[in-house]
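As structure tokens, the structure follows; a few thoughts come after it.
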Amino acid sequence: MSTPIDFCSLTLTETMTGRPSPSPLQYAFSAKTGAHAGRGGTPPLAQGAAQQQFSALLNQTTVSAKGRALYVHIPFCRVRCSFCNFFKYAASAELMANYFDLLLLDLARKAAEPWSQTQPFDAVYIGGGTPTDLTAQQILTLGQRIRQSLPLADDCEMTLEGRLNKFDDEKFDSALQGGFNRFSFGVQSFDTQVRRAAKRLDDREPLLAQLKQLTARNAATIAIDLMYGLPHQTADSWQQDLEDTLSAGVDGVDLYQLIQFKGSGIERDLEKGRIEQPMDSPQRALLYQQGSRYFAQHGLKQLSYCHWATSDKERSRYNSLAKSGAEILAVGAGAGGNMGGFSYMQSRDIEPWQQAIEQNQWPAAMMMAKSANHLEDAALVGACDKGLINPAQIGAARYRAAQPLFAKWQQHGLAKANIQAGQDCVELTTAGKFWSVNMANGMLQYLSINQHAVEACESAA
């Protein structure tokens, strides 16, 4: 007989459960708790210790059951979008050429280590910045070097991120020749007024025409990002964005909520009275619901709380791996990764990153050990990201210990009990998916504070 949990001894707070509301989609939480879910690890290692630890990890030949991926960072943009917090360097041919040569050295050094050769990489993601600002030859060379230096799975997803502006046939063909089989374009909105306010470079008609040309070739998976809550956006303009997405024939689409960062162009425009205050969280929630319903009506498959696929070509594999505990090899200034129970971040500034490479050191500016339960935590975050939580994913003891939390979620309209493949599970509602990051962080907090309940469930198993 299983031992019952002592419900009276459990701690449940509003940050974990959400609050009761006639509209949980809009008001279950005050605001999104962050761009990503997860909890930190131990304090960062000192630089000397980080160098030694990084060398030791790359010298290992262990295999990750969670999979493996490569992330390469290109920190250049020709224009800083008004909502962006990632802009670091303005694109210039000379600066990018120097960076690219160093990038290949960073890749080659790490690829030569035993760890990098022990297991096929399931996904490659070239992010930024604007990677499509690389020249056609650089894009080709980068793809070829990755394929030559690292073992890639037969079905490895190789994604090149960027913008459609100045992404011509030569660059597209070079990327295909280099092995890239997926392209992710930051459209954000098709609406010309919204785009201009966001400092995007093309108007609706040429943007849509170019996207249709790319998808018509059927040469690779094409995905786009849309953002809701931007200045000048309305429910009507958002609806047109959704319709334009399907008419463009893309294979996948992300719906990202605008998060206002300090120092962003939007903040400066607000201070100077150039724009009106963008939508608040309750208004943005309604746009998320609008998009979710529209895609469901048109048969799109929801792969995560923010990503939909129009066809089986779209797997969004890198994003899924990154959110569920896969090991990530990071290359380039500003790239972040993790391996062997440690997470690390390379310097965002090119100068110290370059100096480390030239001095034959590892350019890890910060490295820290993850929590003891980091794999279990990653499984939980991945489950919330997909909107479906079951015992097989997060562990039977954790699942049972979390029943009081699940009950509160159901009371607050954030989740519902379900059965899939003969197994009990908790499915997030549309409201729960909108608050997915809060839900994951709340559950991590709940399990940490109520660790005694998890231990009791483990003992009773």
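Remarks
- For residue 196 and residue 33, a Förster radius of 35 Å and the Cβ-Cβ distance give a FRET efficiency of 0.65, rounded to the nearest 0.05.
- Neighbourhood net charge (13 Å Cβ-Cβ; Lys/Arg +1, Asp/Glu -1) for residue 66: 0
- Neighbours of residue 250 by Cβ distance under 13 Å: Lys/Arg scored +1, Asp/Glu scored -1, total -3.
- Protection proxy ranking of 232-239, 382-389, 29-36 - average other beta-carbon atoms within 10 Å, highest first: 382-389, 232-239, 29-36
- Working ranking of peptides 96-102, 64-70 by packing, defined as the average number of other Cβ atoms within 10 Å per residue, highest first, is 64-70, 96-102.
- Anchor residue 416: lysines whose Cα lies under 24 Å away (excluding residues fewer than 8 positions away in-chain): 32, 301, 323, 386, 408, 433
- For the range 111-151, the Cα gyration tensor yields ellipsoid semi-axes of 23, 12, 8 Å (square root of five times each eigenvalue, largest first, whole Å).
- Separation between Cα centres of the range 157-201 and the range 118-147, rounded to whole Å: 14
- Across q = 0.10, 0.14, 0.15 Å⁻¹, the range 47-323 modelled as identical point scatterers on its alpha-carbon atoms has Debye log10 I(q)/I(0) values of -0.56, -1.07, -1.20, in the order of the q list.
- Derived scalar couplings ³J(HN,Hα) [the range 396-404; Karplus, 6.51 cos²θ - 1.76 cosθ + 1.60; whole Hz; x for Gly, Pro]: 4, 5, 5, 4, 5, 5, 8, 4, x
- The ratio of the alpha-carbon radius of gyration of the range 20-169 to the globular-protein estimate 2.2 N^0.38 Å is 1.30.
- Order by protection proxy (mean Cβ within 10 Å, highest first), peptides 272-278, 329-335, 396-402: 329-335, 396-402, 272-278
- Between the residues 30, 114, 71, the greatest Cα displacement towards the positive end of the dipole of the range 26-153, with unit charges on the Cβ of Lys, Arg, Asp and Glu, is found for 30.
- Inter-probe distance in nm under a simple model that places probes 7 Å from Cα toward Cβ, at residue 51 and residue 312: 5.2
- All other residues whose Cβ lies under 15 angstrom from that of residue 178 are scored, Lys and Arg at +1 and Asp and Glu at -1, for a net of -1.
- Cross-link reach list, aspartates and glutamates versus residue 262, counting only Cα pairs under 13 Å and skipping chain neighbours closer than eight places: 271
Laboratory data are not the source of any read-out in this text; all were calculated from the coordinates shown. This is a predicted model, so every value here is computed, not measured. As a convention, Cβ positions derive from the backbone with ideal geometry for all residues, glycine included, and neighbour counts pool all protein chains shown.
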